[in-house]
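Chemist: Below you'll find the structure I mean.
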């Protein structure tokens, strides 16, 4: 449990306060149940260890109580089911259908603590990520994460002194502001000229009561992106005027400048973009990309009869989760069923979701990023990666559709033979901070994908 924290956000989605007290509580619980088992076995009707109670206490009161991500909770349950069972104590260690050695050493045929301690001391000092079920290349992923953190810390150190010099009050250090903010001014100017200038004449029409939910969402998202772009332009223009001396500073302007100098995005910029990057240059690039996609492509698509005819890239939207909800609502209207009766079905073979009577609005989603495992193109299933496998890969187009649970209980459709299925979370970025939805995909081992913490992402970068 604790070792996986080294690999955050792949090991766990966030840092959980697993501690020595949790281990002590777990050991005490095991001891109490084993003593109860010994007493029960003294009578004529011997019973086994109460694994259900043990797992329940571990899941609900000890380790699981600290976890607030549903997919991390699933991981906790998988570990408990993997280790706490009679097979663990019987016979030699084994991997079963996972890469985890259970237990990590051969159980000595002894009741002496020293015999067990000697086996533990023989374990290697450095943990192989595969030893607790993670992808073989997880250590390479950790190097990438640590590099990103180091770059962020260096940037903060470079701007740490200037943030205070810029003043927490109303003082303005023009020299500091100019050197720190000029790169952002140039970046947004380049984005505006190369991506947004050609869209100045594009008007986003107001939403009408007759618009289907998907069309209404696209129009509102496009209008919000355009409005946010204007707001950011005005903010940066004001900062430039303060630096040139043509406008006086205010406490709000100084606070905004200090945020940018500290390499942070001002809260006012993020109010209408919940999943916005927290780094200013990534924010500006991501905003430009979305304005271009929404006003340049999607406004034209909603004017056609079928805006979902062409592939969809979920990272085009400011609020991709709202798009999926709008799609669900429109599907419910077409099928004349309640929204709650629908669930999301997915397939890499779009013809399997082409029945309009059951899935009237299939959507072909492109450019989803996969981390934690690899996709087998031939079998069309998720499989275990290798040490030299890419850290992330782009999935082939995935068709998704909201369908009635009663008419179609399976959430994954495939021609793959004897394949298991696993629910895969979809996050905005590799930081795993914002969950968008989940899809069920076929795999060769559902348990191993859970231990891998395999997941999908809308973008590989923070933009």
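Chemist: Normalised by the number of residues in the range 166-307, what is the relative contact order in percent for Cα pairs under 8 Å and 6+ residues apart?
Modeler: About 39 percent, as a whole number.
Chemist: In whole Å and largest first, what semi-axes does the C-alpha gyration tensor of the range 309-463 yield when each eigenvalue is scaled by 5 and square-rooted?
Modeler: Each semi-axis is √(5λ); the values are 25, 19, 13 Å.
Chemist: Would you mind telling me the antiparallel percentage of the DSSP bridges in the chain, rounded to 5?
Modeler: Percentage antiparallel, nearest 5: 85.
Chemist: Over the chain, with a single point scatterer placed on each C-alpha, what log10 of the ratio I(q)/I(0) does the Debye formula yield at q = 0.09 1/Å?
Modeler: -0.76
Chemist: Contact order normalised by length for the chain, with contacts defined as Cα pairs under 8 Å and 6 or more residues apart; what percent is it?
Modeler: 15 percent.
Chemist: List the relative contact order of the range 309-463 as a percent without decimals, with contacts defined as Cα pairs under 8 Å and 6+ residues apart.
Modeler: Taking the mean separation of contacting Cα pairs over the length of the range 309-463, I get 28 percent.
Chemist: Fully extended, how many nm does the chain gain between residue 140 and residue 119 (0.36 nm per residue separation, minus their Cα-Cα distance)?
Modeler: Gain in length upon complete extension: 4.7 nm.
Chemist: Starting from 0.36 nm per residue, how many nanometres of slack lie between residue 244 and residue 73 once their C-alpha separation is accounted for?
Modeler: 56.2 nm
Chemist: Here is a further query. Per the helix-only calculation at 222 nm, which mean residue ellipticity applies to the chain, given -39500 (n - 2.57) for every DSSP H run of n ≥ 4 and division by its residues, nearest 500 deg cm²/dmol?
Modeler: Taken over the chain, the calculation gives -13000 deg cm²/dmol.
Chemist: Sticking with this structure for a sec: So if each residue of separation counts as 0.36 nm, and I subtract the Cα-Cα distance between residue 83 and residue 354, what length gain in nm does that give?
Modeler: 93.3 nm
Chemist: Compute the acute angle (0 to 90°) between the alpha-carbon long axis of helix 320-335 and the principal axis of greatest extent of the alpha-carbon atoms of the chain; round to the nearest 10°.
Modeler: That helix lies at roughly 80 degrees to the long axis.
Chemist: Helix 213-244: angle to the longest alpha-carbon principal axis of the chain, degrees 0 to 90, nearest 10?
Modeler: Roughly 70 degrees, rounded to the nearest 10.
Chemist: Which of 187, 353 comes first, and how do the rest follow, when ranked by fewest Cβ neighbours within 10 Å?
Modeler: Result, fewest neighbours first: 187, 353.
Chemist: How high is the FRET efficiency between residue 313 and residue 23 when r is their beta carbon distance and R₀ equals 45 Å, given to the nearest 0.05?
Modeler: The calculated FRET efficiency here is 0.50.
Chemist: Something else: How far apart, in nm, are the 7 Å Cα→Cβ label points at residue 460 and residue 407?
Modeler: Modelled inter-label distance: 3.9 nm.
Chemist: Arrange 259, 27, 373 by Cβ neighbour counts within 10 Å, fewest through most, would you?
Modeler: Going from sparsest to densest Cβ surroundings: 27, 259, 373.
Chemist: Could I ask something else about it? Between the range 421-450 and the range 348-386, how many Å separate their Cα centres?
Modeler: 12
Chemist: Where the centroid of each part is defined by its Cα atoms, how far is the range 106-154 from the range 269-347 in Å?
Modeler: Measuring centre to centre over Cα atoms gives 40 Å.
Chemist: By how many degrees, between 0 and 90 and to the nearest 10, does the Cα long axis of helix 70-83 differ from the longest principal axis of the chain?
Modeler: 20
Chemist: Counting other C-beta atoms within 10 Å, which of 375, 83 has the fewest, and how do the rest follow?
Modeler: In increasing order of surrounding Cβ atoms, one gets 83, 375.
Rule-based calculations on the coordinates, nothing more; no lab input. The structure presented is a predicted model; accordingly, all values stated were derived computationally and were not measured. As a convention, Cβ positions derive from the backbone with ideal geometry for all residues, glycine included, and neighbour counts pool all protein chains shown.
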